[in-house]
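Colleague: Structure incoming, see below.
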Amino acid sequence: MCLCLSVSGEGGEGQIAKIQAFAMQVFDDVNKKCEKLPYIPKAAESAGVKPGVIVLGAAGVLSLLLVAIIGFNAIVNMICFFWPAYLALKAMQEKEEGYDKQWLTYFMIFGFFHVLESFYPSLLTEHTFYTLIKLFVLFWCFLPQSKGAQKVYTLGIEKVLAMTGSAADSKKNE
C-alpha cells in the first residue's frame, strides 16, 4: 500500500521521498531485530509476511487498545507532562537562559487545562476536538522550535503583571 500525498510548493516530492526512505529504514531495522526473536519468524513465515509486519501490526493493535482503554486524553496528559518535565530538568541542569519563564509558564498552561477540565468535565466528552486542540497548544508551548510558552508569557502574563503592579513589586524584592 502506498500513501500518496499532494504537497504544493518546491521540494514537496523530496520531502515525501525522505519520509518514505526513513519509514523503510525503520521497517528494515524492525525486521532485522524481529528475525532474532524466537517465535516471530515462524509466525511470519506461516502468514507469508515479513516478521516486522507482525510486530508493527501487533504494536498498532496494542496502541489502539491503549487508546480505547485509558483514553486519548490520558495519553495526551502523559506525553505533555513527562516529556516537558524531562526537558525542564535538562534545561535546569544546563542552566539555559530563559528556562525559568519557559517552563514555569508551560506548567501554568498545563495546569490551566487541568483546572478547566475539573470545572467543566464535559469538555472531554461533548467537544469532539478539545483534546486534539489541547495537544496542539501544549506541543506548541513546549517545543523548542516555537517556544510558545515564552510567547504566552511575553504577550499575556507579563502585561497582566504590569497592570497589577506585580512586576514592579518583584523587581523591588530583587
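The values are calculated or read from the model by the stated rules, or taken from the named source; none is laboratory data. As the structure is a prediction and not an experimental result, all values here were calculated from the model. Cβ: placed from backbone, ideal geometry, glycine included. Neighbour counts: every protein chain shown. Protein only, heavy atoms only, side chains kept; ligands, DNA and RNA dropped before computing areas. Shrake-Rupley method; radii C 1.70, N 1.55, O 1.52, S 1.80 Å.
Colleague: Hey, what did the stretch 13-75 get for relative contact order, percent, Cα under 8 Å, at least 6 apart?
Modeller: 22 percent
Colleague: Rounded to the nearest 20 Debye, what is the dipole magnitude of the chain about its Cα centre when Lys and Arg each give +1 and Asp and Glu each give -1 at the C-beta?
Modeller: Result for the chain is approximately 180 debye, rounded to the nearest 20.
Colleague: Do you know the relative contact order of the stretch 49-174, to the nearest whole percent, from alpha carbon pairs under 8 angstrom that are 6+ apart?
Modeller: That works out to 23 percent.
Colleague: At a probe size of 1.4 Å, how large is the accessible area of K42, to the nearest 10 Å²?
Modeller: Probe radius 1.4 Å; accessible area of K42 about 140 Å².
Colleague: Work out the P(r) tail for the chain: percent of alpha carbon pairs separated by more than 27 Å, whole number.
Modeller: Roughly 54 percent, once rounded to a whole number.
Colleague: Assuming 1.567 mPa s and 4 °C, estimate D for the stretch 44-96 with Stokes-Einstein, Rh taken as the Kirkwood radius over Cα pairs, in µm²/s.
Modeller: Once the numbers are plugged in, D ends up at 93 µm²/s.
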